[in-house]
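The values are calculated or read from the model by the stated rules, or taken from the named source; none is laboratory data. These numbers were taken from a predicted model, which means no experiment stands behind them. So basically every Cβ, Gly included, is an ideal-geometry build from the backbone, and we count neighbours across all protein chains shown.
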Amino acid sequence: MAKMKYSIEDQIARITLDDGKVNAMNWEFFNELNESLDHAQADKAAVLIFTGRPGIFSAGLDLKLLPTQNLSEQFRFQKAFATTMLRVLLFPIPTIAAYKGHSVAGGFILSCACDRFMVQDGPFLMQMNEVVNGMMIPSWISLVCRTSIPSRWWREVLLMARPFTPREAFERGIPDTLIDESGDVLAAAYEVARELKKASGRGYAVTKRTLFKAEADHVIEILEKELLNWLISMGIQ
């Protein structure tokens with residue numbers, strides 16, 4: 001795979017985002033991510049870790065692709081984005097985002113979709129920058145982000161698009177864990193994964209669906225209407 005690498009050991013699966021650049025999310029990215037999720041389920045993984053190469057997790061959607069899409073293509077692409085991130089949110093085993101690097105927009109959303117969110121301190125940017133880039137945040141993104149962002153920070157993170165360092169984000173309760181700059185976030189994630197293996201199972205999967213499935217179904221149902229109103233307002237036909 002060109003965008004990411006999949007591996008599994010001792011029932012702990014790992015997806016490493018690494019396209020040699022900024023791990024931009026496009027059709028190839030979503031296809032490979034879903035293929036990797038299929039592998040984790042086929043391998044009966046007990047825990048899944050998402051990480052990236054040092055310095056970058058993901059800069060989000062491929063901004064070179066978006067302007068080339070017509071209305072129909074925008075619908076298909078945005079729905080693929082939504083269904084893939086919601087698949088991670090509902091994935092039936094414990095999931096961990098653990099990385100040392102930048103996470104912006106889609107990278108931040110993927111982090112929030114995981115059950116545990118771990119980052120390493122350093123001079124990195126964490127930001128939901130959609131609004132300052134003139135884009136909307138649909139209901140499905142709000143749902144995913146609100147699972148990690150405490151309510152008192154929703155406006156600052158989502159509406160005002162404030163950028164944070166990993167430490168600033170941790171101080172606001174967004175990542176669950178902050179690893180010191182001299183530490184090893186991936187090693188720490190494997191320690192957490194070994195503990196989470198004890199919880200993994202049918203009870204975990206069913207409980208996760210109970211927590212999120214109804215809302216996830218609802219935000220997908222209204223996505224097309226939200227996108228239509230938004231894209232028409234932008235003059236995309």
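Given (1) modelled with pLDDT of 95 or more; (2) of a type outside the set (D, E); (3) more than 20 Å from the chain's Cα centre (by Cα); (4) not in a loop (DSSP other than H, G, I, E, B), identify the lone condition not met by S182.
Going through (1) modelled with pLDDT of 95 or more; (2) of a type outside the set (D, E); (3) more than 20 Å from the chain's Cα centre (by Cα); (4) not in a loop (DSSP other than H, G, I, E, B) one by one, S182 breaks only (4).
Among the listed residues D62, D19, D43, which satisfies the condition of being closer than 20 Å to A105 by Cα and either in contact with a strand residue (DSSP E or B) (Cβ under 7 Å, 6 or more places away or on another chain) or among the β-branched types (V, I, T) (or both)?
Numbers: D19 fails: either in contact with a strand residue (DSSP E or B) (Cβ under 7 Å, 6 or more places away or on another chain) or among the β-branched types (V, I, T) (or both); D43 fails: closer than 20 Å to A105 by Cα.
From the options D62, D19, D43, the qualifying one is D62.
Could you check the stretch 91-110 and list, in sequence order, the residues that are touching a Ser or Thr at 6+ places or on another chain (Cβ under 7 Å) and either under 16 Å from D18 (Cβ atoms) or surrounded by fewer than 22 Cβ atoms within 10 Å (Cβ to Cβ) (or both)? Even if it seems obvious, please write down each step before you answer.
At the first step, the residues of the stretch 91-110 found to be touching a Ser or Thr at 6+ places or on another chain (Cβ under 7 Å) are 93-94, 97-99, 103, 106-107, 110.
Within the stretch 91-110, A97, A98, Y99, S103, G106, G107, L110 meet the criteria.
Okay, residues lined up against (1) touching a helix residue (DSSP H, G or I) at 6+ places or on another chain (Cβ under 7 Å); (2) in contact (Cβ under 8 Å) with a residue 24 or more places away in the chain; (3) under 16 Å from A82 (Cβ atoms):
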position: K208; (1), (2), (3): no, yes, no
position: L211; (1), (2), (3): no, no, no
position: A216; (1), (2), (3): yes, yes, yes
position: V219; (1), (2), (3): yes, yes, yes
position: E226; (1), (2), (3): yes, yes, yes
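For R202, state whether it is surrounded by 13 or more Cβ atoms within 10 Å (Cβ to Cβ) and basic (K, R). Full working, then the answer.
Numbers: surrounded by 13 or more Cβ atoms within 10 Å (Cβ to Cβ): no; basic (K, R): yes.
Answer is no for this residue.
If you check H39, H102, which single one turns out to be within 28 Å of T207 (Cα to Cα) and either in contact with an Asp or Glu (Cβ under 9 Å, 6 or more places away or on another chain) or not charged (D, E, K, R) (or both)?
Numbers: H102 fails: within 28 Å of T207 (Cα to Cα).
Every option except H39 fails the conditions.
Among what's in the stretch 32-83 and is among the β-branched types (V, I, T) and buried (at least 20 other Cβ atoms within 10 Å of the Cβ), pick the residue that is farthest from D217 (Cα to Cα).
Taking the stretch 32-83 as the starting set, the residues that turn out to be among the β-branched types (V, I, T) are 47, 49, 51, 56, 68, 83.
Filter once more, keeping what is buried (at least 20 other Cβ atoms within 10 Å of the Cβ): 47, 49, 51, 56.
Values: V47: 24, I49: 25, T51: 27, I56: 31 Å.
Out of the qualifying residues, it is I56.
A188: assigned to a helix (DSSP H, G or I) and either surrounded by 15 or more Cβ atoms within 10 Å (Cβ to Cβ) or at pLDDT 95 or above (or both), yes or no? Don't jump to the end; show me each part of the working.
On the way: assigned to a helix (DSSP H, G or I): yes; either surrounded by 15 or more Cβ atoms within 10 Å (Cβ to Cβ) or at pLDDT 95 or above (or both): yes.
In short, yes.
Is it the case that G173 is outside any helix (DSSP H, G or I), exposed (fewer than 14 other Cβ atoms within 10 Å of the Cβ) and touching a helix residue (DSSP H, G or I) at 6+ places or on another chain (Cβ under 9 Å)? Don't jump to the end; show me each part of the working.
Details: outside any helix (DSSP H, G or I): yes; exposed (fewer than 14 other Cβ atoms within 10 Å of the Cβ): yes; touching a helix residue (DSSP H, G or I) at 6+ places or on another chain (Cβ under 9 Å): yes.
So G173 fits the description; yes.
Given (1) surrounded by 18 or more Cβ atoms within 10 Å (Cβ to Cβ); (2) in a helix (DSSP H, G or I); (3) among the β-branched types (V, I, T), identify the lone condition not met by I149.
Exception for I149: condition (2).
Restricting the first residue to the stretch 174-195 and requiring it to be over 16 Å from P94 (Cβ atoms), which pairs with a second residue that is charged (D, E, K, R) meet a Cβ separation below 8 Å and a spacing of at least six or different chains?
As it stands, the answer is L178/D121; L178/R167; I179/K100; I179/D121; D180/D121; E181/D121; V185/K100, since those pairs meet every condition given.
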